[in-house]
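Q: Just passing along the structure, written as structure tokens.
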Amino acid sequence: MSKGLFISFEGTEGCGKSTQVKLLADRLQSLGHRVRTLREPGGTPIGEEVRHTLKHSKNNAAMTAEAELLLMNASRAQLVREIIRPALANNEIIICDRFYDSTTAYQGHGRELDLEKVKAVIDFAVGDTRPQVTLFLHVPADISAERLRSRQENLPFVRDRIEEADQKFFERVAHGFGVIAASEPHRVKFINGMQSVEAVCAKIWDTIQPVLPRIGRW
Ligand code: TMP
């Protein structure tokens, strides 16, 4: 029997990932699967410190795109070795809120770093540890921008360096996700994020259920 299952969620800001990660994890757990939910950047003590540096640290305004790329992947290299590989070897289901497609979309397309170099850094960070299924929650760029604005209004004291980028950056990110989804249709499943929470959840379940019989239960 194959070991574990690695699922990643991807999408632009405000696409509804976090809600769906939780719903999927709860459903799998209720069926007896051992599930671990993770987020990127972060997911380990070292990764959470890197996340703080990337997003909220008061000294991060001068961060270059290259440093951002490497920090995202430092967090990832740690997560892969400290948590993901041992958990998969233990037949667990990993659900990760973002993984390397976010690097391709944000640092590659968004920051306009050389895509081949971005790929080389990702390859070094993850080796052969890659999601079997990626759920790409798509919402139009204007909706994503509106949700980001309202999140910032509700949390005015939480500064996030990445969210300070201009609208053109987020449009390039959205385009990047579209390119990724089109280039790897076997792995990356396009989900229309404009449906109700329940409808998105049902669609995700239709995608995940067929791969479950391969996974052990406890
Ligand atoms: P989130 O956990 O609220 O989605 O915040 C993570 C932020 O980091 C989000 O703006 C996307 C960004 N990000 C990258 O730019 N590159 C990456 O590789 C990852 C994982 C996230």
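Q: So what is the relative contact order for the chain, in percent, with contacts set as C-alpha pairs under 8 Å and at least six apart?
A: Value for the chain: 34 percent.
Q: Starting from the Cα of Ala165, step 7 Å along the direction of its Cβ; do the same at Ala202; then give the gap between the two resulting points in nm.
A: Roughly 3.5 nm, to one decimal.
Q: What ³J(HN,Hα) values, in whole Hz, does the Karplus curve 6.51 cos²θ - 1.76 cosθ + 1.60 give for the stretch 180-188 when θ = phi - 60°, with x put for Gly and Pro?
A: 4, 4, 6, 8, 9, x, 5, 8, 8
Q: Collect residues whose amide H, placed 1.01 Å from N in the peptide plane, falls under 5 Å from the amide H of Arg36; neighbours closer than 5 in sequence don't count.
A: Those qualifying (amide H under 5 Å, at least 5 residues apart or on another chain) are Ile93, Ile94, Ile95.
Q: State the extension gain, in nm to one decimal, for the chain segment bounded by Thr64 and Asp123, taking 0.36 nm per residue of separation less the distance between their alpha-carbons.
A: 19.2 nm
Q: Among the lysines in the chain, how many pairs, 8 or more places apart or on different chains, have alpha carbons under 23 Å apart?
A: 16
Q: Apply the Karplus parameterisation 6.51 cos²θ - 1.76 cosθ + 1.60, with θ equal to phi minus 60°, to every residue of the stretch 111-120 and state each ³J(HN,Hα) to the nearest whole Hz, in sequence, with x for glycine and proline.
A: In residue order, the calculated couplings are 7, 6, 7, 4, 5, 5, 5, 4, 4, 5 Hz.
Q: Can you compute the modelled spin-label distance between Ile46 and Asn90, with each label point 7 Å from Cα toward Cβ, in nm?
A: 1.9 nm
Q: Using a 1.4 Å probe, what is the accessible area per residue for the chain, in Å²?
A: 49 Å²
Q: In degrees, nearest 10, range 0 to 90: what is the angle between the Cα axis of helix 65-79 and the longest Cα principal axis of the chain?
A: 20 degrees
Q: What is the percent carbon and sulfur in the accessible area of the chain, measuring with a 1.4 Å probe over the protein chains and ignoring ligands?
A: 57 percent
Q: Quick one: what are the phi-derived ³J(HN,Hα) couplings along the stretch 100-109, Karplus 6.51/-1.76/1.60 with θ = phi - 60°, whole Hz, x for glycine and proline?
A: Result, rounded to whole Hz: 5, 4, 5, 5, 4, 6, 7, 7, x, 6.
Q: Let me ask something else about it. Quick check: pseudo-label points 7 Å beyond the Cα along Cα→Cβ at His186 and Val158, how many nm apart are they?
A: The answer from the label model is 3.8 nm.
Q: Let me understand the chain better: what is its radius of gyration from the alpha carbons, and its Dmax, in angstrom?
A: 16.8, 49
Q: If you don't mind, there's one more thing I want to ask. Would you mind computing the Rg to Rh ratio of the stretch 1-116 from its alpha-carbon coordinates, Kirkwood style for Rh?
A: Using Cα coordinates only, the ratio equals 1.00.
Q: Add -39500 (n - 2.57) for each DSSP H run of 4 or more in the chain, then divide by its residues: what number comes out at 222 nm, to the nearest 500 deg cm²/dmol?
A: Calculated from helices alone, the mean residue ellipticity at 222 nm is -14500 deg cm²/dmol.
Q: Based on alpha-carbon positions alone, could you give the equivalent ellipsoid semi-axes of the stretch 125-167 from the gyration tensor, as √(5λ), descending, whole Å?
A: One finds semi-axes of 28, 16, 10 Å for the stretch 125-167.
Q: Also, quick follow-up: From a point 7 Å beyond the Cα of Ile143 in the direction of its Cβ, which residues of the stretch 16-52 have a backbone N at a distance under 15 Å?
A: Counting only backbone N, you get 16-20.
The values are calculated or read from the model by the stated rules, or taken from the named source; none is laboratory data. Model, not experiment: these values are computed from the prediction. We place every Cβ from the backbone using ideal geometry, glycine too, and count neighbours over all the protein chains shown. We work out accessible area using only protein heavy atoms, side chains counted, and drop any ligands, DNA or RNA first. Shrake-Rupley method; radii C 1.70, N 1.55, O 1.52, S 1.80 Å.
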